[in-house]
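Encoded as structure tokens, the structure appears first; notes follow it.
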Amino acid sequence: MRGEGFVQLDRNTPSLVNARLNRWFGWDGAADSLWSQSIRPIVDKREMAASTTHVGALVRGDERLAERYRAVFGSAPADNDTVMVNVGKALAAYQETLVSGRTPFDGFRDAVAGGDRGAADRYPAAAQRGLKIFVGKGNCSVCHFGPNFTNGEFGDIGIPFFAAPGRVDPGRYEGIRKLLASRANLLGAYNDDPARAPATGTRHVTLEHRNWGEFRVPGLRNVAGTAPYMHNGQLATLRDVVRHYSELNEERLHADGEKILKPLRLSPAEADDLVAFLESLTAADPVSY
Ligand code: HEC
């Protein structure tokens, strides 16, 4: 759903499960680490509307909190910026424990890899047909691939970028500007790696016109449990998502979107199969411990 903080937000709140696998964070990739992403909602005026001054005073002012902070970070809470960054790192450490469980698709993949025909046959036939579309004529796996079913980058698949009449969500275009301007990006002093090795991606980001209206390719694990869909939550069900890809507006897309996408024109039976496949990416236990 679109989040609600101090105001109703423009974007659909993403799941935190498997967030640790992301390369970029937020729908627009404005953060390059889970810890810097975790600071944003705290200080965003529309979300929690706190400030680094407030957070710094809170941690320094509470004896037990200050003591635990010292135990974890090795020194007493000092300046506000450092405390804020460390709060972000603590929040990230927790979120990294949120990992999705095994899915029917994982069972099928392992059965096929191990040559276990009996186990493979337990995966529904509709999902098997949907998988063929996903990796075949649907072209889905061009962007949604790997363990978390995403290339980790950004695309424009023709979802409108008007957030409200007269107000546009520029997506990745704005995200890159924010990323490069942020003191909490991995190129900055708060990166724990002295060699700044994880910052390679950030160092090579350049702002281009095509980034306008691009959003992060979401991972698809647990997707049956995370409706509504897309950055603005405008599609209510997986069936609506499949319909979107089936009936894409080619004129809009080829003006400024992904050239690889074309309307799939799936039959109702094919659409059912693709939905069955997407549902099979969802674990009975959304988080495994
Ligand atoms: C060119 C890259 C690309 C291709 C190809 C592609 N997708 Fe996507 N997909 C995206 C992007 C980018 C988004 C997010 C768009 C947005 O929010 O504006 C997305 C969103 C989704 C979502 C919503 C997930 C969520 O949590 O909101 C689903 C489901 C999905 N795609 C399934 C598919 C299927 C099925 C196919 C094949 C028919 C497919 N995708 C093909 C890039 C792609």
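Taking Gly115, is it assigned by TED's automatic domain parsing to the domain that holds Leu266 and farther than 20 Å from Leu281 by Cα?
yes
Can you find a residue in region 224-237 that is closer than 30 Å to Ser182 by Cα, of a type in the set (Ser, Thr, Tyr) and either in contact with a helix residue (DSSP H, G or I) (Cβ under 9 Å, 6 or more places away or on another chain) or not in a strand (DSSP E or B) (or both)?
yes
Tell me, please, whether a residue that is under 22 Å from Ser38 (Cβ atoms), within 14 Å of the ligand (Cβ to nearest atom) and surrounded by fewer than 16 Cβ atoms within 10 Å (Cβ to Cβ) can be found in region 187-199.
No, there is no match, as no residue in region 187-199 is under 22 Å from Ser38 (Cβ atoms), within 14 Å of the ligand (Cβ to nearest atom) and surrounded by fewer than 16 Cβ atoms within 10 Å (Cβ to Cβ).
May I ask you to say which residue of Leu253, Leu248 is part of a loop (DSSP other than H, G, I, E, B), near the ligand (Cβ under 10 Å from one of its atoms) and in contact (Cβ under 8 Å) with a residue 60 or more places away in the chain?
Criteria check complete, one pass: Leu248.
Residue by residue through region 6-56, note down the ones that are away from the ligand (no atom under 14 Å from the Cβ) and among the hydroxyl-bearing types (Ser, Thr, Tyr).
Hits for region 6-56 are Ser33, Ser36, Ser38, Ser51, Thr52, Thr53.
Condition (residue is over 23 Å from Phe6 (Cβ atoms) and either in contact with a Gly (Cβ under 6 Å, 6 or more places away or on another chain) or touching a residue at least 12 places away in the same chain (Cβ under 8 Å) (or both)) applied to region 44-58: is it met by at least one residue?
Taking every residue of region 44-58 in turn, none turns out to be over 23 Å from Phe6 (Cβ atoms) and either in contact with a Gly (Cβ under 6 Å, 6 or more places away or on another chain) or touching a residue at least 12 places away in the same chain (Cβ under 8 Å) (or both).
Kindly indicate whether Ser38 is more than 27 Å from Glu153 (Cα to Cα) and polar (S, T, N, Q).
When the stated conditions are applied, Ser38 does not pass them.
Going through region 91-124 one residue at a time, which ones are surrounded by 16 or more Cβ atoms within 10 Å (Cβ to Cβ) and over 30 Å from Val275 (Cα atoms)?
Leu91, Ala92
Going by the conditions given, is Ala184 outside any helix (DSSP H, G or I) and surrounded by fewer than 19 Cβ atoms within 10 Å (Cβ to Cβ)?
Answer is no for this residue.
Scanning region 131-142 for residues that are small (Gly, Ala, Ser) and under 23 Å from the mean Cα position of the chain (by Cα), which turns out surrounded by the most Cβ atoms within 10 Å (Cβ to Cβ)? It would help to see each step written out before you state the result.
Initially, region 131-142 is screened for residues small (Gly, Ala, Ser), giving 136, 138, 141.
If we keep only those that are under 23 Å from the mean Cα position of the chain (by Cα) too, we end up with 138, 141.
Numbers: Gly138: 21, Ser141: 14.
Top of the filtered list is Gly138.
Test Arg64 against the stated conditions and say whether it is touching a residue at least 12 places away in the same chain (Cβ under 8 Å), surrounded by fewer than 16 Cβ atoms within 10 Å (Cβ to Cβ) and of a type in the set (Lys, Arg).
Details: touching a residue at least 12 places away in the same chain (Cβ under 8 Å): no; surrounded by fewer than 16 Cβ atoms within 10 Å (Cβ to Cβ): yes; of a type in the set (Lys, Arg): yes.
Spelling it out, it is not the case that Arg64 is touching a residue at least 12 places away in the same chain (Cβ under 8 Å), surrounded by fewer than 16 Cβ atoms within 10 Å (Cβ to Cβ) and of a type in the set (Lys, Arg).
Please go through region 19-36 and give me each residue that is surrounded by 20 or more Cβ atoms within 10 Å (Cβ to Cβ) and assigned to a loop (DSSP other than H, G, I, E, B), ordered by number.
Result: Asn22, Trp24, Gly26, Trp27, Asp28, Gly29, Ala30, Asp32, Ser33.
Determine which single condition Leu131 fails, assuming it passes every other condition in (1) within 16 Å of the ligand (Cβ to nearest atom); (2) under 25 Å from Arg20 (Cβ atoms); (3) not small (Gly, Ala, Ser).
Exception for Leu131: condition (2).
Six or more apart or on different chains, Cβ under 7 Å: which pairs go from a residue in region 216-241 that's within 19 Å of Gly26 (Cβ to Cβ) to one that's part of a loop (DSSP other than H, G, I, E, B) and within 6 Å of the ligand (Cβ to nearest atom)? Could you list them?
Listed pairs, sorted by first residue: Val217/Cys143; Val217/His144; Leu220/His144; Met230/Ile159; His231/Ile159; Asn232/Ile159; Gln234/Ile159.
Give me a count of the residues in region 146-177 that are under 25 Å from Val287 (Cβ atoms) and near the ligand (Cβ under 10 Å from one of its atoms). Outline the logic, then answer.
Taking region 146-177 first, the residues under 25 Å from Val287 (Cβ atoms) are 146-152.
Okay, now just the ones that are also near the ligand (Cβ under 10 Å from one of its atoms), so 149-151.
Residues in region 146-177 being under 25 Å from Val287 (Cβ atoms) and near the ligand (Cβ under 10 Å from one of its atoms): 3 in total.
Suppose the filter is within 23 Å of Asn222 (Cβ to Cβ), among the hydrophobic types (A, V, I, L, M, F, W, C), outside any loop (DSSP other than H, G, I, E, B) and touching a residue at least 12 places away in the same chain (Cβ under 8 Å); does Leu16 pass it?
Considered against the rule, which asks whether it is within 23 Å of Asn222 (Cβ to Cβ), among the hydrophobic types (A, V, I, L, M, F, W, C), outside any loop (DSSP other than H, G, I, E, B) and touching a residue at least 12 places away in the same chain (Cβ under 8 Å), Leu16 comes out as no.
The values are calculated or read from the model by the stated rules, or taken from the named source; none is laboratory data. Values in this document were obtained by computation on a predicted structure and should not be read as measured data. Every residue, glycine among them, receives a Cβ derived from its backbone with ideal geometry; neighbour counts consider all protein chains shown.
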